[in-house]
Amino acid sequence: MARVSQEHLAARRRQILDGARRCFTRNGFHATSMQDVLQETGLSAGAVYRYFRSKDDLITAIAMEVFDDVGSAFADAARAEDPALPDVLLPAVLCRVLGRRSDTTPALALQVWAETLRNEELASRMREGYARVLSSWIKIVHTYQERGLMPKDATAEDVARALIGAAQGFLVQQALFGPLDPHVLRTGLRGLMAMDVPEPTH
C-alpha cells in the first residue's frame, strides 16, 4: 500500500477543521455533535477520529490555529527594528486573520473565550498563547520607547494589554453587531494617539 503523503494528511486535517468551523459557527459548540462534523465534511468516523479524538480536540485545534496566526504576526513585528505604530499594526494583523475566515473568526472567538471557563485544557493553552502575544507586544512597546515615540515612564505591560484589548474588543463588536472594517481601528487609534494631554495641575 502506498504511503499517504504529508500533503494529503494536511489537506484532510484542513478539511475537517474547516467543516467543524462551519458547524460551530452555525450551531455553537454545545449544539454541534461529532456526527454533525462527519456529515459536514462527508468523511467517515474513522477518518475524522484519526486526527481528532473528540469535539474538545477540534475546539482546541481551531482556537490555537487562530492564536498561532495572530502570535506569529506580532512576533514578526517584535523582531523588527522599526515596528509599525499601533494604528497600522493592529488593523494589519486583524486584516490578515479575518481575511482568511472573516465569516467565522469573530463568532468563534466569543465561543472560545466562553469555553475556557469550563474547559481547563483549553484555558491552559489559551493562557500560553496569550502570554506569547503579550510578550511580543511588550517588546514592541519597549521599541517605541527606545525610539522616543512613547514616554519612558509608561508601563510597557499596561500599554500592551490595552492594545490587545482593543483587538479583542473589535472582534466582539464584529461578532455581536455585524461586519466592521478593521481600518476603523486605524482612525480610532490615530485619534487617541493625537490627544494633547495637559499636564496635571497641583
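Numbers for the structure displayed
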item: Pairs with Cβ under 7 Å, 6+ apart, first in the stretch 178-192 and of a type in the set (Lys, Arg), second not in a loop (DSSP other than H, G, I, E, B); result: 186/87; 186/88; 186/91; 190/87
item: Evaluation of residue 126 against (1) crowded, with 16+ Cβ neighbours inside 10 Å; (2) at pLDDT below 90 (one fails), failing number; result: (2)
item: Residue in the stretch 29-48 that is among the hydroxyl-bearing types (Ser, Thr, Tyr) and either in contact (Cβ under 8 Å) with a residue 40 or more places away in the chain or in contact with a strand residue (DSSP E or B) (Cβ under 6 Å, 6 or more places away or on another chain) (or both) present; result: no
item: Conditions (1) under 18 Å from the mean Cα position of the chain (by Cα); (2) open to solvent by 100 Å² or more (accessible area, probe 1.4 Å); (3) of a type in the set (Lys, Arg): number failed by residue 190; result: (1)
item: Residue check for residue 28: of a type in the set (Gly, Ala, Ser) and either under 24 Å from the mean Cα position of the chain (by Cα) or surrounded by 18 or more Cβ atoms within 10 Å (Cβ to Cβ) (or both); result: yes
item: Output for the stretch 73-91, where each listed residue is free of Cβ contacts under 8 Å to residues at least 60 places away in the same chain and surrounded by 15 or more Cβ atoms within 10 Å (Cβ to Cβ); result: 73, 89
item: Meets criteria (hydrophobic (A, V, I, L, M, F, W, C) and more than 20 Å from residue 64 (Cα to Cα)) for residue 193; result: yes
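The values are calculated or read from the model by the stated rules, or taken from the named source; none is laboratory data. Everything quoted here is computed from the prediction, not taken from an experiment. Glycine also receives a Cβ, built like all others from the backbone with ideal geometry; neighbour counts cover every protein chain displayed. Heads up: the accessible areas ignore ligands, DNA and RNA and are worked out on the full protein's heavy atoms, side chains in. Shrake-Rupley method; radii C 1.70, N 1.55, O 1.52, S 1.80 Å.
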